[in-house]
Amino acid sequence: MIATRLRVPIFPLAGALLFPRAQLPLHIFEPRYRMMVRDALRGEQLIAMVQPRDEREPPALFEIGCIGRIVGSEELGDGRYNIVLEGIGRFRIAAEVEVSTPYRQVDADRTGFDRDEGEEEPLGIAQRAELERESRLYADALGYAVDWQAVGRLDDEMLVNGIAQIVPLDVGSKQALLEAEDIATRADLLVQFMQFQRMLGGRDGSDTLQ
């Protein structure tokens, strides 16, 4: 368990979602974020993921993100890092603080996200089936090869959050998935987003999964 309010470095990255108990692999190459990782590894190993609202520099930020702990790290010969974050819990930005580091830091308020520390309720059978069915249709429409047997072995939380992480949606839709109250709500949103994009005959973004 971590404190209800704490100061954390942030990594603003559009489309990259971290959920409680989920993992997110990251390749860190910008000098300011290399320093952030080095500092985190020397400290409590915490980094908060949050999406930028725009492409300005520095970008405005969405209010809600997720704090992660570094559970795997590899420093490459040129100073870059490959790391894996494991989600601890979501937070609301209480304030951005003035710091001397080249990376940004915020006071993170975890009030109201107590349920992130407990187990999620499983999906209903019909909801799970609908999500798997829509995921197949969506993947087929985009020409993606998927090991559906492996997908079928995932528990509900891993399935929902895994799809939410890789499905190529716009930033606003991704943020709605992050802010969903529980995985049942997140699953409903995923089905709606995928159905809408199939109806449009495609999706926003690139031709490859993020």
Single condition ARG42 does not satisfy, out of (1) touching a strand residue (DSSP E or B) at 6+ places or on another chain (Cβ under 8 Å); (2) open to solvent by 70 Å² or more (accessible area, probe 1.4 Å): (1)
Pair list, Cβ under 6 Å, 6 or more apart: the stretch 25-46 residue over 19 Å from ALA108 (Cα atoms), other residue aromatic (Phe, Trp, Tyr): ILE28/TYR81; ARG32/TYR103
Residue match in the stretch 29-51 (condition: polar (S, T, N, Q) and in contact with a helix residue (DSSP H, G or I) (Cβ under 9 Å, 6 or more places away or on another chain)): yes
Filter result for ALA141 (open to solvent by 30 Å² or more (accessible area, probe 1.4 Å), more than 30 Å from ARG32 (Cβ to Cβ) and either acidic (Asp, Glu) or in a loop (DSSP other than H, G, I, E, B) (or both)): no
Of all residues in the stretch 149-198 being open to solvent by 60 Å² or more (accessible area, probe 1.4 Å), part of a helix (DSSP H, G or I) and over 25 Å from ASP114 (Cβ atoms), the one that is modelled with the lowest pLDDT: ARG198
Cross-chain or 6+ apart pairs with Cβ under 6 Å, the stretch 84-113 first and over 14 Å from LEU178 (Cα atoms), then open to solvent by less than 30 Å² (accessible area, probe 1.4 Å) and in a loop (DSSP other than H, G, I, E, B): LEU85/LEU18
Breaking point among (1) modelled with pLDDT of 95 or more; (2) of a type outside the set (Lys, Arg); (3) loosely packed, with under 13 Cβ neighbours inside 10 Å, for GLY202: (1)
Within the stretch 59-86, considering residues that are in a strand (DSSP E or B) and either in contact with a Lys or Arg (Cβ under 6 Å, 6 or more places away or on another chain) or among the basic types (Lys, Arg) (or both), the one farthest from ARG104 (Cα to Cα): GLU86
Residue match in the stretch 50-58 (condition: out of contact with any Gly (no Cβ under 9 Å at 6 or more places or on another chain), on the phi > 0 side of the Ramachandran plot, surrounded by fewer than 15 Cβ atoms within 10 Å (Cβ to Cβ) and in a loop (DSSP other than H, G, I, E, B)): no
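The values are calculated or read from the model by the stated rules, or taken from the named source; none is laboratory data. Everything quoted here is computed from the prediction, not taken from an experiment. Note that we place each Cβ from the backbone using ideal geometry, even for glycine, and neighbour counts take in every protein chain shown. Protein only, heavy atoms only, side chains kept; ligands, DNA and RNA dropped before computing areas. Shrake-Rupley method; radii C 1.70, N 1.55, O 1.52, S 1.80 Å.
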